[in-house]
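See structure below.
Nothing in this text is a laboratory measurement; each read-out follows from the coordinates by a stated rule. Because the structure is a prediction, the values reported are computed rather than measured. In this analysis, Cβ positions are derived from the backbone assuming ideal geometry, glycine residues included, and neighbour counts consider all displayed protein chains.
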Amino acid sequence: MRGKSKAYALLNLLIVAILFHSEVKCQHINSRINEYGLNILSGEKAFKTEVCADTNKHMINLQLVIPNIITDWRYATLNNFTKKILYKHPEPFLRLPAAKALAAVQAELEKQGIGLKIFDAYRPYQVTKQMWEIVPDARYAANPAKGSGHNRGAAVDVTLVDLKTRKELPMPTDFDDFSEKANHAYMQLDKTVLANRELLKSTMEKHGFLALDTEWWHYFLPNAAQRFELMDLSFKQMRRVAKKRF
């Protein structure tokens with residue numbers, strides 16, 4: 001009996017150890033509090049613990065799950081509103097729900113021979129701070145005191161392309177043009193341009209995205225600030241922690 005008692009005791013200790021390990025694995029790790037009082041996830045371990053508690057927080061590399069996706073990383077060049085190179089070796093990452101929704105958008109558009117081109121998706125928080133230092137104007141850049149949907153992996157800047165030619169369809173303005181013409185309410189445009197803008201907007205909204213009124217290219221998930229943390233992981237870090245499939 002003593003042998004059995006010892007065996008049961010050891011088994012109970014093993015169960016407790018497994019449960020304790022599981023709790024530790026998913027235990028919340030405090031984020032970095034910055035000068036604005038915001039919690040910023042900047043480490044891979046902190047990110048993994050958040051994902052452990054909520055799998056919707058997984059980040060997905062869109063190039064691995066969305067066929068024919070095209071990218072044009074303006075912030076990795078001088079061809080952007082800051083006139084500075086802000087990214088090195090970027091890749092398009094989004095949270096799991098946003099990635100699935102964008103894949104559904106692409107699948108629907110492909111039936112018409114049309115696809116998506118991505119200008120920006122996940123953006124490290126540090127880049128948002130850089131943008132604000134260069135252009136401290138809320139009309140053009142996100143205020144780092146609040147952070148951006150891009151920093152949460154829940155916003156994407158996109159346009160439409162012809163899949164055969166890979167050329168962009170005519171839109172009201174170029175990307176990051178902050179004139180009145182970029183506003184969704186601006187209607188003094190060619191019919192083809194209006195139709196293209198509406199096709200992008202209606203398809204994105206059908207699959208759960210919301211449009212930013214002042215930027216025809218910018219779409220985001222609702223309630224992102226309540227659902228997802230601000231992140232400052234580099235693209236190199238994100239490549240290590242992101243999932244390769246849905």
message: Taking the square root of 5 times each eigenvalue of the Cα gyration tensor, what semi-axes in Å does the equivalent ellipsoid of the range 33-241 have, largest first?
response: 27, 20, 15
- request: Could you point to the residue in Val65, Gln188, Asn39 farthest towards the positive end of the range 33-241's charge dipole, with +1 and -1 charges on the Cβ of Lys/Arg and Asp/Glu respectively?
  value: Val65
field: Long-range amide H partners of Asn61 with built H, under 5 Å
entry: Lys243
field: For Asp120, residues with placed amide H under 5 Å, excluding near neighbours
entry: Asp157
query: What list of ³J(HN,Hα) values in whole Hz, one per residue of the range 220-228 in order, does the Karplus curve 6.51 cos²θ - 1.76 cosθ + 1.60 (θ = phi - 60°) give from phi, with Gly and Pro shown as x?
result: 8, 7, x, 6, 4, 5, 8, 9, 9
- line: Counting sequence-distant residues (5 or more places) and residues on other chains, those with an amide H built under 5 Å from that of Leu230 are Leu41
- request: Using +1 at the Cβ of each Lys and Arg and -1 at the Cβ of each Asp and Glu in the chain, identify which of Ser234, Leu94, Val51 lies farthest towards the dipole's positive end.
  value: Val51
message: Run through the range 159-223 and list the trypsin sites (Lys or Arg not before Pro) located in a DSSP loop whose Cβ has at most 16 other Cβ atoms within 10 Å.
response: Lys164, Arg166, Lys167
Karplus-derived HN-Hα couplings along the range 59-74 (A = 6.51, B = -1.76, C = 1.60, θ = phi - 60°), whole Hz, x at Gly and Pro: 9, 10, 7, 4, 5, 8, 10, 10, x, 6, 5, 10, 10, 9, 7, 5
task: Output the Cα-based Rg and Dmax of the range 114-169 in Å, rounding Rg to one decimal and Dmax to a whole number.
output: 13.9, 43
- line: Sequence order, the range 169-179: Karplus ³J(HN,Hα) from phi using 6.51 cos²θ - 1.76 cosθ + 1.60, θ = phi - 60°, Hz rounded, Gly and Pro as x, gives 6, x, 10, x, 8, 6, 4, 6, 8, 9, 7
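Can you give the helix-only mean residue ellipticity at 222 nm for the chain, where every DSSP H stretch with n ≥ 4 adds -39500 (n - 2.57) and the sum goes over all residues, rounded to the nearest 500 deg cm²/dmol?
Calculated at 222 nm, the ellipticity per residue is -11000 deg cm²/dmol.
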query: Who wins for biggest fluctuation among His58, His218, His89 in a Gaussian network model of the chain, springs between alpha carbons below 10 Å?
result: His89
Net charge dipole size for the chain [Lys, Arg +1 and Asp, Glu -1 on Cβ; Debye, nearest 20]: 1400 debye
